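Student: One structure is given below, represented as structure tokens, and several questions about it will come after.
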Amino acid sequence: FTSTRDLNMRVLLLCALFGAAVSEVFFDEKFDDGEAWEERWVQSGHKGDEAGKFVLTAGKFYGDAEKDQGLQTSQDARFYGLSAKHTAFSNKDKPLVVQFTVKHEQNIDCGGGYVKMFDCALDQADMHGDSPYNVMFGPDICGPGTKKVHVIFSHKGKNHLIKKDIRCKDDVFSHLYTLILNPDGSYEVLIDNEKAESGTLQEDWDFLPPKMIKDPEAKKPEDWDDRAKIDDPEDSKPEDYDKPEHIADPDATKPEDWDDEMDGEWEPPMIDNPEYKGEWKPRQIDNPAYKGAWVHPEIENPEYNADDAKDLGKYDEFCKIGLDLWQVKAGTIFDNFLITDDPAEAKAAGEAGWGVTDRKSVV
């Protein structure tokens, strides 16, 4: 076979002829055919002279000099915009799996390492930070405070960030990032083929308005007493309670060389009063009228629609994948891109690619 793509296509055709259920691979990019990648990927011209250049390389260290080649950011303090078209598909009734490797061999201090997944409407030559996307996934590092894996979904024109904190790898080695999104609304994030996080879209993102809201018509009754303790009305301040906080030092004496005409009238220094008792407050007793904390009644939110939950994370069309990044210090290598509907296929591909070659560079 001339390439992995030809082999995959023939396997799909054979399985289709015999009626077998097969997984589909919509995008498979290993940069294993030299400079031919430039025919498949489109450089965005949106940033003009501020745009950085990608180069094909295995980097400064690797497990296999040829198989570990990927696209590397090559210029510091630049915007990077590059995208590729793939087989169009919808994930409404099938899993979505996107996977790729990231190698920050420059010991990155601030920069993105994520991908964006677009529909077919994307203008690749003008892709930029505000270009609408369906999914954004991958690591992002900036200083000691930001070392996270982004999982962002677009829903009704708004981008929604995951509420959980998924820590990314911040060393200089290659790491495999995988997002699995299932038709039932569950998801899983893998790093190096090990589960880093999982859950459901409805619970871990704020896609939908809350089911219940505070009743706007309800108000706390005016006679509602929510004070658990009150001042004892029988308690009174003792007559000798009030003492000054500071008093003149009774042991201080006027210095012999003190001159009233030159130094002014002498006054003894002030000291803390040992008899000072502080501000008087009456003792507290249980409030006989206490009714407890008032809880605002809730009603069903008229803006919540349970049917909307069925469509979370489901898109009519995926068509293009892009790298839309800013990097202060260049040197990140992207490789082993895979988009499929089969998590097992992605796991096997990860072990056969990253697991066999890139992992060697860690040893």
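The values are calculated or read from the model by the stated rules, or taken from the named source; none is laboratory data. Source: prediction; values computed, not measured. Neighbour counts run over all protein chains shown; Cβ positions are idealised from the backbone, glycine included. The accessibility values were calculated without ligands, DNA or RNA, using every heavy atom of the protein model including side chains. Shrake-Rupley method; radii C 1.70, N 1.55, O 1.52, S 1.80 Å.
Student: Go through region 36-75 and name the trypsin sites (Lys or Arg not before Pro) that are in a DSSP coil and have 14 or fewer other Cβ atoms within 10 Å of their Cβ. The partial results should precede the final answer.
Tutor: Values: sites: Arg40, Lys47, Lys53, Lys60, Lys67; in loops: Lys47, Lys53, Lys60, Lys67.
Sites meeting the loop and neighbour criteria: Lys53, Lys60.
Student: Computing the accessible area with a 1.4 Å probe over protein heavy atoms, can you report the carbon and sulfur percentage for the chain? List each step's numbers first, then the result.
Tutor: On the way: 10200 of 20760 Å².
The value for the chain is 49 percent carbon and sulfur by accessible area.
Student: Please calculate the 1.4 Å probe accessible area of Val172, with all protein chains present, and give it to the nearest 10 Å².
Tutor: About 40 Å², ignoring ligands and nucleic acids.
Student: Which one, Leu325, Trp294, Ala349, is farthest towards the positive end of the dipole of region 275-363 when Lys and Arg carry +1 and Asp and Glu -1 on their Cβ?
Tutor: The residue sitting most towards the positive pole is Trp294.
Student: Something else: Out of residues 5 or more away from His46 or on other chains, whose amide H comes under 5 Å of its own, with H placed 1.01 Å from N in the peptide plane?
Tutor: Met127
Student: Using only Cα atoms, locate the centre of region 103-137 and the centre of region 224-269, then give the distance between them in Å, rounded to an integer.
Tutor: 68 Å
Student: Okay, moving on. In debye, nearest 20: dipole of region 45-183 around its Cα centre with unit charges on the Cβ of K, R (+) and D, E (-)? Please list the in-between numbers first.
Tutor: Numbers: 18 positive and 17 negative charges, 117 e Å.
So the dipole magnitude of region 45-183 works out to roughly 560 debye.
Student: Another question about this same structure. Hey, what angle do you get for helix 4-17 against the long axis of the chain, alpha-carbon based, 0 to 90 degrees rounded to 10?
Tutor: 80 degrees
Student: Quote the charge dipole size of region 70-111 about the Cα centre in Debye, to the nearest 20; the model charges only the Cβ of Lys and Arg (+1) and of Asp and Glu (-1).
Tutor: On the way: 5 positive and 4 negative charges, 59 e Å.
Once rounded to the nearest 20, the dipole reads 280 debye.
Student: Compute, for Cys120, the solvent-accessible surface of its heavy atoms (probe 1.4 Å) with the complete set of protein chains present, and express it in square angstrom to the nearest 10.
Tutor: 50 Å²
Student: Taking the Cα centre of region 205-335 as origin and charging only Cβ (+1 Lys, Arg; -1 Asp, Glu), how large is the dipole, in debye to the nearest 20? Before the final figure, lay out the partial values.
Tutor: On the way: 17 positive and 39 negative charges, 332 e Å.
Dipole magnitude for region 205-335 comes out near 1600 debye.
Student: Can you find, among Leu190, Leu201, Ala125, the residue farthest towards the positive end of the dipole of the chain? Put +1 on the C-beta of Lys and Arg, -1 on that of Asp and Glu.
Tutor: Final value for the positive-end residue is Ala125.
Student: Could you list the chymotrypsin sites (Phe, Trp or Tyr not before Pro) in region 201-252 that lie in coil according to DSSP, counting only those with at most 13 other Cβ atoms within 10 Å of their Cβ? Walk me through the numbers before you get to the answer.
Tutor: Numbers: sites: Trp205, Phe207, Trp224, Tyr241; in loops: Trp205, Phe207, Trp224, Tyr241.
Sparse-neighbourhood loop chymotrypsin sites (Phe, Trp or Tyr not before Pro): Trp224, Tyr241.
Student: What percentages, rounded to whole numbers, describe P(r) for region 236-363 computed over all alpha carbon pairs with 5 Å bin width beginning at zero?
Tutor: Per 5 Å bin, starting at 0, the Cα pair percentages come out as 2, 5, 6, 6, 6, 6, 5, 4, 4, 4, 4, 4, 5, 7, 8, 8, 7, 5, 3, 1.
Student: While we're here: For region 234-299, which GluC sites (Glu not before Pro) are both in a DSSP coil and crowded by at most 16 other Cβ atoms within 10 Å?
Tutor: Details: sites: Glu234, Glu239, Glu245, Glu256, Glu261, Glu265, Glu275, Glu279, Glu298; in loops: Glu234, Glu239, Glu245, Glu256, Glu265, Glu275, Glu279.
In loop regions of region 234-299 (DSSP not H, G, I, E or B), the sparsely surrounded GluC sites (Glu not before Pro) are Glu234, Glu239, Glu245, Glu256, Glu265, Glu275, Glu279.
Student: Taking the chain as the reference, fit the longest principal axis to its C-alpha atoms, fit the long axis of helix 343-352 to the helix C-alpha atoms, and give the angle between the two in degrees, 0 to 90, nearest 10.
Tutor: 80 degrees
Student: Next question. Based on alpha-carbon centroids, what's the gap between region 24-101 and region 155-170 in Å, whole number please?
Tutor: 22 Å
Student: Okay, moving on. With point charges of +1 on the Cβ of Lys and Arg and -1 on the Cβ of Asp and Glu, referenced to the Cα centre of region 164-233, which listed residue (His175, Pro210, Pro221) lies farthest in the positive direction of the dipole?
Tutor: Checked the options; the winner is His175.
Student: Rounded to the nearest whole Å², what accessible area per residue is found for the chain with the 1.4 Å probe?
Tutor: Numbers: 20760 Å² over 363 residues.
Value returned for the chain: 57 Å² of accessible area per residue.
Student: In whole Hz, what ³J(HN,Hα) sequence does region 273-287 give by Karplus (6.51, -1.76, 1.60; θ = phi - 60°), x for Gly and Pro?
Tutor: 7, x, 9, 5, 10, x, 6, 7, 9, x, 5, 9, 10, 4, 7
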